[in-house]
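Inspection log for the structure reproduced underneath, given as structure tokens.
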Ligand SMILES: NC(=O)c1ccc[n+]([C@@H]2O[C@H](COP(=O)([O-])OP(=O)(O)OC[C@H]3O[C@@H](n4cnc5c(N)ncnc54)[C@H](OP(=O)(O)O)[C@@H]3O)[C@@H](O)[C@H]2O)c1
């Protein structure tokens with residue numbers, strides 16, 4: 001990513017990766033909902049999920065499951081999205097409100113822009 | 001930029017079997033990355049001969065999980081892929097369990113077992129994304145047969161004949177149906193077979209290369 005992703009972008013990236021795997025397994029899925037269960041509703045295997053995590057690590061540069069979160073606690077699409085949002089914005093783990101998160105996103109973006117200019 | 005040459009990562013490629021595997025993979029036109037704690041003359045020679053081309057070495061202690069992960073990531077990112085992992089790094093430790101230092105037991109497990117799992121995990125990330133990959137773990141006959149004085153190695157799998165007394169080597173040779181110990185290339189060849197296209201339908205197997213001692 002050229003700029004730090006926003007929370008909404010993270011969600012759309014995670015959804016995109018899940019949809020890509022589903023497209024191979026069962027065909028195109030029109031929409032994902034946060035409450036969809038990865039295994040029970042969507043039929044993803046543990047290996048499918050590992051593939052998604054490997055792809056997301058390459059794209060987002062973080063692996064929430066290395067230390068932060070246990071993969072067994074991830075049941076739904078929303079759980080997976082949150083794991084990445086928390087990994088990229090630690091403010092969320094501390095139960096930060098929307099303003100704190102918005103400020104963090106802005107700071108991250110400013111850092112990126114500065115780095116690019118150099 | 002990713003290149004067409006396959007990439008093999010060998011742990012403990014600074015001497016012994018690991019060094020033989022490094023040379024063997026380079027001969028087979030792989031790009032090779034290896035790690036060890038010390039830079040041996042073999043590593044220095046390879047770095048000089050290859051001028052960094054197709055050969056990469058890292059000073060990594062297998063007990064340092066973060067360093068292992070960082071090494072794999074660096075290799076994968078730099079070379080674009082990881083096709084083969086050979087978990088070869090290992091230490092031998094002799095002595096019977098009741099009188100062994102706990103510190104030594106932990107070290108054997110860390111180097112021989114935990115490091116192999118951490119490397120496999122880190123490499124599997126790249127292999128998953130590629131949709132292919134091959135992991136070979138170098139074990140030991142002690143993983144199959146128990147022997148006195150090697151309880152911890154049996155548990156972690158390793159014992160190094162090179163460190164054994166001559167009398168011990170002769171005793172093992174006598175008990176081996178083929179009447180001698182293996183040459184390094186005889187073990188390396190088995191690894192090269194398992195990682196080659198010729199073994200494309202082999203997975204999850206244990207191939208025992210022991211001159212028949214565990215038959
Ligand atoms: N030799 C035998 O007869 C025999 C028999 C059965 C099984 N095996 C197994 O075959 C494998 C290779 O044996 P070998 O005889 O070739 O061994 P070796 O000559 O002693 O070489 C071991 C390699 O592992 C590396 N290593 C050891 N501890 C390490 C650590 N903490 N971190 C990173 N690297 C480490 C060493 O480099 P540094 O010390 O510089 O770190 C070296 O490159 C081992 O797994 C062994 O258990 C050997």
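The values are calculated or read from the model by the stated rules, or taken from the named source; none is laboratory data. Keep in mind that what you see is a predicted model, and the values were worked out from it rather than measured. Every residue, glycine as well, gets a Cβ built from its backbone with ideal geometry; the counts of neighbours run over all protein chains shown.
Listed values, structure above:
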{"quantity": "Residue under evaluation residue B:94, criteria (1) in contact with a helix residue (DSSP H, G or I) (Cβ under 9 Å, 6 or more places away or on another chain); (2) within 16 Å of the ligand (Cβ to nearest atom); (3) in a helix (DSSP H, G or I), criterion not met", "calculated": "(3)"}
{"quantity": "So residue A:14, is it surrounded by 13 or more Cβ atoms within 10 Å (Cβ to Cβ), within 12 Å of the chain's Cα centre (by Cα) and within 14 Å of chain B (Cβ to nearest Cβ)", "calculated": "no"}
{"quantity": "Any hit, segment A:34-44, residues being assigned to a helix (DSSP H, G or I), within 14 Å of chain B (Cβ to nearest Cβ) and within 20 Å of residue B:129 (Cα to Cα)", "calculated": "no"}
{"quantity": "Residue within segment B:131-141 that is free of Cβ contacts under 8 Å to residues at least 12 places away in the same chain and within 13 Å of chain A (Cβ to nearest Cβ) present", "calculated": "yes"}
{"quantity": "Residues (over 25 Å from residue A:102 (Cα atoms), within 12 Å of chain B (Cβ to nearest Cβ) and either in contact with a strand residue (DSSP E or B) (Cβ under 7 Å, 6 or more places away or on another chain) or buried (at least 20 other Cβ atoms within 10 Å of the Cβ) (or both)) located in segment A:56-90", "calculated": "none"}
{"quantity": "Residue B:4 vs. criteria closer than 25 Å to residue B:194 by Cα, more than 16 Å from the chain's Cα centre (by Cα) and more than 13 Å from the ligand (Cβ to nearest atom)", "calculated": "yes"}
{"quantity": "Pair list, Cβ under 8 Å, 6 or more apart: segment B:58-83 residue without any contact (Cβ under 8 Å) to a residue 24 or more places away in the chain, other residue in a loop (DSSP other than H, G, I, E, B)", "calculated": "B:67/B:60; B:67/B:61"}
{"quantity": "Filter result for residue B:24 (modelled with pLDDT of 95 or more, within 14 Å of the ligand (Cβ to nearest atom) and part of a helix (DSSP H, G or I))", "calculated": "yes"}
{"quantity": "Residue ID - nearest to the ligand (Cβ to nearest atom), chosen from residues in segment B:32-46 that are touching a residue at least 24 places away in the same chain (Cβ under 8 Å) and farther than 19 Å from residue B:68 by Cβ", "calculated": "B:40"}
{"quantity": "Residue count for segment B:101-142, restricted to those that are assigned to a helix (DSSP H, G or I) and more than 17 Å from residue B:62 (Cα to Cα)", "calculated": "10"}
{"quantity": "The one condition in (1) under 26 Å from residue B:109 (Cα atoms); (2) more than 10 Å from the ligand (Cβ to nearest atom); (3) under 19 Å from the mean Cα position of the chain (by Cα) that residue B:68 fails to fulfil", "calculated": "(2)"}
{"quantity": "Criterion: more than 16 Å from the ligand (Cβ to nearest atom) and within 19 Å of the chain's Cα centre (by Cα) - qualifying residue of B:76, B:16", "calculated": "B:76"}
